[in-house]
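First the structure, in the form of structure tokens, and then the observations on it.
Since every read-out is calculated from the coordinates, none of them should be taken as a lab result. All figures in this text were calculated on a predicted structure; none of them were measured in a lab. Cβ coordinates were reconstructed from backbone atoms using ideal geometry, including for glycine residues, and neighbour counts include every protein chain displayed.
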Amino acid sequence: MDTSFVVKGEITLLKNVPAEVCSRCGEKTFSAQVASRIERILRKRDALPAAALGRVEVTAVDYSKV
Ligand SMILES: [Zn+2]
């Protein structure tokens, strides 16, 4: 699944993360192993190989102004 985190004030989209899906409610979660790998990836985000990186445009919507 794709998921996003805020790193140093910047939204970081993490793509193709292996998730486990609850058979009862369909909620997606990460195993402890994946969660700690996510942590490591985000910590060294600025030093990741170029092939792993991309840019996407993000639209921000202010709920209070809609
Ligand atoms: Zn569940």
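Annotations
- Linear extension gain, LYS28 paired with ASP46, 0.36 nm per residue minus alpha-carbon span: 3.8 nm
- Burial ordering of LEU48, LEU14, fewest other beta-carbon atoms within 10 Å first: LEU48, LEU14
- Rounded to the nearest 20, the size of the Cβ-charge dipole of the chain about its Cα centre is 200 debye, with Lys and Arg at +1 and Asp and Glu at -1.
- Selected from THR59, CYS22, ILE38, residue furthest toward positive end of dipole (the chain; charges at beta carbon): ILE38
- At most 16 other Cβ within 10 Å, DSSP loop - trypsin sites (Lys or Arg not before Pro), the chain: LYS8, LYS15, ARG24, LYS44, ARG55
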